[in-house]
Each structure stands twice: as C-alpha cells, then as structure tokens.
Amino acid sequence: MGWDDGRGVRFGAPAVVVLPLQETKGGKPAIRSPEARLAEAEGLARAIALHVVHGEVVKLRKASASTLFGKGQIERLAAAVAAHDAELVVIDGPVSPIQQRNLEKELKAKVIDRTGLILEIFGERASTREGTLQVELAHLQYQASRLVRSWTHLERQRGGFGFMGGPGESQIETDRRLIRDRIVRLKDELEDVRRTRGLHRRQRQKAPWPVVALVGYTNAGKSTLFNRLTGAEVRAEDLLFATLDPTMRAIRLPGHDKVVVSDTVGFVSDLPTQLVAAFRATLEEVIEADLIVHVRDISHPDSDAQARDVADVLAGLGLSDEVKRVPLLTVYNKIDALGPEEREALAGRAGEDAVLVSALTGEGLDALREQMAILLRAGTHVHDIRLASSDGRRLAWLHEHGEVIGRNDDEAGVALQVRLSDADRARFATI
C-alpha cells in the first residue's frame, strides 16, 4: 500500500528501517557502530507502534541527489518492501523532498526520514499545552519546507500531526498559505504560554525547596528512577521517548524535609533542528535546578557515546555554560543487567560524583539519596542573619533548611549564624 493511493499509512503498519551509511576515507572513527545506530532507529520506529519487519544498513559511496541510493540499492530495497508487504520505509538520516518523492515512486511505499519520525513520536506523546504547541509548530515548519504531494487541508487534518494518515493532497498553494497563517498563530500562542511558564518558574524560585532535575539519553531509565524516588506513576516503558513533558514531585532526603524532583524529556543524537526550541523550553527548567542527575544506561553498548550526545545537545542548545554552574551527579543505571566482573570494574569508576543503581530493582537507591543530599548541602557558607523575636516562621525555616551554629538573643531580636547554600540563602531572602 503506497502513500499515493490516498489512504495513508496506519499505525502498527509493517515498516522497513534503513540506515544510509556514508563511506568516509580517513577522518575520525565513528562514535557508534552501524548496528547500534540501526537498532536505535528501529527503536524509534517501534515507539509509534510500527511493526519493523526488516532493517538494513546501506553503504553509500556518494549520495544520489535524486534518490539518495544507487539504482541497485533501490532495487534491493524495493524487493524487501514487496517481500514484507511494507507500507512505510524509515530512512535514518536526512532525506530531501525530491529524494522522498522519488523514493516513494520507486519503493511504492511511504518514506519518512529521521526528522519526520521523531516529529511523529513527539506528536503522539506531547500532552501539555506548551508541548503540543511546540511540536505542532515544529511539524508545520518541517512540512512547509517539503514540496511533497502528501499534504492535506489543515481544516480536515485528523488528530496528531499527519505523517501517518489522512486523505490525499489538494490545493497546495492554499495549504501553503494556511500553513503560514497557522505558524503565525502558533507562535503567538506559544509566547503567551512562555510568559505564563515564566511566572510559574519565578513562583517556584521563591519556594523554600531545592530542585533536582533528571536528565539523560532517551530510554536510560529516568522515568523508572523518578517513580522509584517519588512513588509516582509516570509512564515508564522500554520505549524511546516514553516521557516528553516534564513532571515534578516532592520527596524527602536526609537533612532535607522537601526536595522537588523533575523528570525531563530524553535526549537523542541528531536532534531535529525543528525541535531545538521545544527542547530548550523544556531544559530551561534544568538549568535552574540546584542539582542535575545524569542518568545513564550503563548496560547499553553505546553508553559513553550517549553521554557525549547529552553534552552535545546541551552545547547545541547553548545551555552548556549554564549547566556547568549546577552540581552534577552521574547515575550508572541498569546495573542489574551487568555481570559480576562488569559491576566490579564499574564500581572502580564510581566516586563522589557517581552512583551505581538499578531503578528496576531498587538497588543503590539509598546511596543515591544520600549522595543527592550531600551535593545539595555542598557549597554552603555561614551567614549572619538577624530576625525579630516574633518572626518564628522564618526562624523555623532556617532550622529546617540550614544549620544554625550560633544564636544570640537581645533586645533588638535574634542574631544567628547559619550555614546555608547560596541557593537557600537566596530563597530565604524571598520569604
């Protein structure tokens, strides 16, 4: 069933996943193996319930401007599509509008590239108003740049963001105008949402509780760890991008009556440029945290490469300098999937800034809580604070969030020497 028959492609449809691998002479070796990259692409496809019936790495000496692949490669792919009755071909890389159109003719199946696939996942998973608006805007900007015959009238478009279904295209020029108008309206709506979110963030900054943000590569186990720490029931599945919208819950830590933990969107390599704004909006919450916990799937063969990808995404979003000012704790997650020798070797790498845990079994959670508490207390200073004798509320706050090491009561009130972090000192000033 092809895209041009007007029926679209259904979710759960059989799909062929192809990784085009550009051959290079010399230069830096690839960070990831082709097999690992193909496995991730297949995982992305399964994240929207596609049935992956065939996966293949296709080496390219030189990409064809019109079809990306060579004639023989296209014939082989067309045979695989026909043999598996595939409805969709996912190309894990950039595909130009011309290449997409020509490949659909040759393969007789709908073709989407990595950007289109990730946009589709985000369209399915975003649930907050801002997340939904960001993804729709990203999709429209992506679609507006592609002169394909698969666009439909916006007024008739079904729920979701349209790659995988809907009627055939008509009146392209009218739709282009509708897209442009919708983009303008979405930007206005997003600006209103951002202002509201900014007000909420400023209110949270006045709250007397530290914030811990969980970050990491998609499917590293952040949501499972979040659920373990908070007792929440955030969606936690063995799927890429199972969590898109940030979720916050309060927990207790040693020496801290209340700490807010935030579960954030998973990172991914080759983040589509159309989603950079959506990622930055989400990660603005991270850079204002008091502690960042980087969750790594240490059982994954590309764990080190994934960690570099997290750093690269932050750098690409212009957030790396801000994040460097926040204490960072690395969590080596999924140790339950390691053998005894691997765990022993990993233990040698752990220290004050790294903890071994299994969010699935709960192993190492007590050590993680203790280390989080230690880092939240780090960087404290002794401050001289004077209060009125009747100001019991602020005095109680100081005892709860700091260490009162000296007190002198006189006619003017109470003079205190209190050990506080810079963040808690700033919070105290707003009370």
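The values are calculated or read from the model by the stated rules, or taken from the named source; none is laboratory data. Predicted, not measured: the structure shown is a model, and the values here were computed from it. Here the Cβ positions follow ideal geometry from the backbone for every residue, glycine too, while neighbour counts run over all protein chains shown.
Scan Arg235, Arg201 and give me the residue that is at pLDDT below 75 and not in a loop (DSSP other than H, G, I, E, B). So that I can check it myself, show each step before the final result.
Details: Arg235 fails: not in a loop (DSSP other than H, G, I, E, B).
None of the other options fit; the residue is Arg201.
For the condition surrounded by 16 or more Cβ atoms within 10 Å (Cβ to Cβ), of a type in the set (A, V, I, L, M) and assigned by TED's automatic domain parsing to the domain that holds Val295, what is the one hit in Val357, Val414?
Working: Val414 fails: assigned by TED's automatic domain parsing to the domain that holds Val295.
Testing whether each residue is surrounded by 16 or more Cβ atoms within 10 Å (Cβ to Cβ), of a type in the set (A, V, I, L, M) and assigned by TED's automatic domain parsing to the domain that holds Val295 leaves just Val357.
Please verify whether Ala367 is small (Gly, Ala, Ser) and over 26 Å from the mean Cα position of the chain (by Cα), treating the condition exactly as stated.
On the way: small (Gly, Ala, Ser): yes; over 26 Å from the mean Cα position of the chain (by Cα): no.
Judged against the criteria, Ala367 is not a match.
Please give the number of the condition Leu154 fails out of (1) touching a Leu at 6+ places or on another chain (Cβ under 9 Å); (2) at pLDDT 60 or above; (3) of a type outside the set (Phe, Trp, Tyr).
Tallying (1) touching a Leu at 6+ places or on another chain (Cβ under 9 Å); (2) at pLDDT 60 or above; (3) of a type outside the set (Phe, Trp, Tyr), Leu154 fails exactly one: (2).
Check whether at least one residue in the stretch 33-55 is at pLDDT 90 or above, in a loop (DSSP other than H, G, I, E, B) and either within 26 Å of the chain's Cα centre (by Cα) or not aromatic (Phe, Trp, Tyr) (or both), and report yes or no.
yes
Look at Arg182 and say whether it is farther than 22 Å from Thr361 by Cα, basic (Lys, Arg), assigned to a helix (DSSP H, G or I) and at pLDDT 70 or above. Step through it out loud before you land on a result.
Values: farther than 22 Å from Thr361 by Cα: yes; basic (Lys, Arg): yes; assigned to a helix (DSSP H, G or I): yes; at pLDDT 70 or above: yes.
In short, yes.
Going by the conditions given, is Ala281 under 15 Å from the mean Cα position of the chain (by Cα), loosely packed, with under 15 Cβ neighbours inside 10 Å, in a helix (DSSP H, G or I) and modelled with pLDDT under 80?
Working: under 15 Å from the mean Cα position of the chain (by Cα): yes; loosely packed, with under 15 Cβ neighbours inside 10 Å: no; in a helix (DSSP H, G or I): yes; modelled with pLDDT under 80: yes.
Taking the combined requirement at face value, the residue does not satisfy it.
For the stretch 64-149, give me every one of the helices (runs of 4 or more DSSP H) that falls completely inside it and has 2 or more residues that are under 19 Å from Arg37 (Cβ atoms) and either modelled with pLDDT under 95 or hydroxyl-bearing (Ser, Thr, Tyr) (or both). Break it down stepwise before answering.
On the way: elements: 71-83, 97-107, 114-125, 129-144.
Per the criteria, 114-125.
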